[in-house]
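Here the structure comes first, spelled out in structure tokens, and everything after it is commentary.
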């Protein structure tokens, strides 16, 4: 293999140390942001003279977030990653890239590549980074690499649910233009990735969710299995599924957690289904209305059980609010109305 960089070892594939400036970003329409590269007489790849390295501006970052190929959502909290790379003086995990003719484009590691670029803009340059490189050679297509990324057991950083849905949607569009039916496209996907048909259908359904729910999914506020299981429930309509997911996130946040677990989402869904069935049953006792005439319940917010930290904090606040007084009956502490309300609220959650 010609020298893109200096080989430093092997994982599943060969790992090289490369100049991050050689890399570009591929967009979903097949165009590129970044330089073309060429193999020179010494066997090394360099940027061709008339091109420049990719320089991340706000406009380019926005374009990549919206239309980048295999980009994992938004470039949120990038400063934390920049500081981590700055402190270590390197990136800890190799980038993954694809060499296709005169382009070396990112397959995985877009946030790390952006961080390296922003560090250089601030005067801190990291000349070489580890990268695992695939070649698009005869018999190997970009579609095959995408199937590999989506396959069960793939070692690449896991794609978000929305990323997966967007890839499936793009495959359907490309296959439709080539004359394939949606069913043919689906079967080809299932054969190459090992997915179940239900997971395929539910993942594609994600694109029909409201922007607010999609944002919760993108921010990692919901466990992936929880989303797919909720979307698969045939007893619920589309709006009910969304409301359950949103209610679960609210409950998790009340408990001080960043993500709603599968068990929490399932518990809220089960409670809602039971109440829905009870409402319908009660309505049917009186008359035989159309389902549209029945006022269905809303998913009930879950109040998380208080943890030890909350209880200890309450006692500290009570003890610090006013001095304790020793009496014949015992020790008396005056509690403010606000603390009394807080104590009752915690007691009700026990």
Mean shadow area of the stretch 210-293 over all directions, Cα convex hull, nm²: 6.0
By the mean-Cβ-within-10 Å protection proxy, highest first, 242-248, 259-265, 123-129 rank as 242-248, 259-265, 123-129
According to a simple spin-label model (label point 7 Å from Cα along Cα-to-Cβ), what is the distance in nm between residue 59 and residue 270? 5.5
Each label sits 7 Å from Cα toward the beta-carbon; between residue 207 and residue 17 the label points are separated, in nm, by 4.3
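Between residue 169 and residue 336, take the C-beta separation as r, use R0 = 41 Å, and let me know the FRET efficiency to the nearest 0.05.
Numbers: r = 56 Å, r/R0 = 1.37.
Efficiency for this residue pair is about 0.15.
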Which ordering of 212, 232 is given by a fewest-first count of other beta-carbon atoms within 10 Å? 212, 232
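Tell me, 105, 315 in order of fewest to most beta-carbon neighbours within 10 Å?
By the 10 Å Cβ count, ascending, the order reads 315, 105.
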Per residue and in cubic angstrom, what volume does the convex hull of the Cα atoms of the stretch 141-208 have? 82
The stretch 210-293, relative contact order in percent, only Cα pairs under 8 angstrom and at least six apart counted: 31
Gained length - residue 66 relative to residue 320, 0.36 nm times residue gap less alpha-carbon distance: 86.2 nm
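Taking every pair of alpha-carbon atoms in the stretch 1-137, give the share separated by more than 24 Å as a whole percent. Walk me through the numbers before you get to the answer.
Details: 2377 of 9316 pairs.
It works out to 26 percent of all Cα pairs.
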Treat the count of other C-beta atoms within 10 Å as a stand-in for reagent exposure and order 254, 177, 106, 33 from fewest to most. 177, 254, 33, 106
For the stretch 195-251 and the stretch 12-44, what is the centre-to-centre distance using only Cα atoms, to the nearest Å? 37
What spacing in nm lies between the two simple spin-label points modelled at residue 42 and residue 277, each 7 Å away from Cα in the Cβ direction? 7.4
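May I ask you to derive the relative contact order of the stretch 148-222, considering only C-alpha pairs under 8 Å and at least 6 residues apart, and to give it as an integer percent?
Working: 50 pairs, mean separation 30.8, N = 75.
Reported as a whole number, the value is 41 percent.
Only the coordinates and a few stated rules stand behind these numbers; no lab work does. What you see is a predicted model; the values in this text were computed from it and never measured. Cβ atoms come from the backbone with ideal geometry, glycine included; neighbour counts cover every protein chain shown.
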